[in-house]
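The next block holds one structure in the form of structure tokens; read it before the comments.
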């Protein structure tokens with residue numbers, strides 16, 4: 001597995017290193033030792049599968065507050081998505097900065113999202129499916145979100161957004177220059 005750093009410290013794109021032969025290929029998609037060597041959190045508490053019927057479906061931005069903050073590794077197993085992360089670490093020099101990448105069934109890239117980051121994706125194809133490895137169980141009372149179209153974040157989605165859940169459409173907008181009101185309660189990830 002190849003680990004590619006992103007402009008946001010602790011976040012990474014993960015690339016498979018397939019061993020190919022006449023049958024196809026075999027590749028390791030997770031290795032605790034390789035994650036630890038790259039400074040990524042290797043814990044997996046829960047795995048989730050998300051299926052989306054239509055191109056233009058947006059999910060996110062989601063995150064959980066401490067002590068339920070979670071690291072995630074997301075891979076697109078069918079179709080294609082544009083995956084975006086936002087740094088929510090209050091002491092980070094890239095606070096509220098974002099990074100996005102296309103994750104597709106063909107490129108087999110995965111995005112590693114550290115704790116205290118928001119995460120969203122937009123489906124670029126019909127019938128897109130993503131697999132999440134998550135370091136903490138979902139906790140409804142700890143869930144928070146950011147608006148996908150928040151002008152403070154300024155995310156440029158590569159295709160029209162056609163479907164957003166009422167919950168995701170209802171997250172409040174950030175005020176220009178604002179810091180998240182709960183940011184002080186979100187500890188930095190241990191590295």
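The values are calculated or read from the model by the stated rules, or taken from the named source; none is laboratory data. Since we're looking at a predicted model, the values are computed, not measured. Here the Cβ is made from the backbone with ideal geometry for all residues, glycine too, and neighbour counts use every protein chain on show.
Numbers for the structure displayed
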| item | result |
| --- | --- |
| All positions within the range 19-39 that are in contact (Cβ under 8 Å) with a residue 24 or more places away in the chain and over 18 Å from the mean Cα position of the chain (by Cα) | 27, 28, 31, 34 |
| Selection status of residue 20, loosely packed, with under 14 Cβ neighbours inside 10 Å, at pLDDT below 95 and not in a loop (DSSP other than H, G, I, E, B) | yes |
| Any hit, the range 100-120, residues being in contact with a helix residue (DSSP H, G or I) (Cβ under 6 Å, 6 or more places away or on another chain), surrounded by 15 or more Cβ atoms within 10 Å (Cβ to Cβ), under 30 Å from residue 177 (Cα atoms) and in contact (Cβ under 8 Å) with a residue 12 or more places away in the chain | no |
| Scope the range 42-55; condition touching a strand residue (DSSP E or B) at 6+ places or on another chain (Cβ under 8 Å) and more than 16 Å from residue 104 (Cα to Cα); matching residues | 44, 45, 46, 47, 48 |
| In the range 53-68, the residues that are within 16 Å of the chain's Cα centre (by Cα) and over 12 Å from residue 138 (Cβ atoms) | 57, 58, 59, 60, 61, 65 |
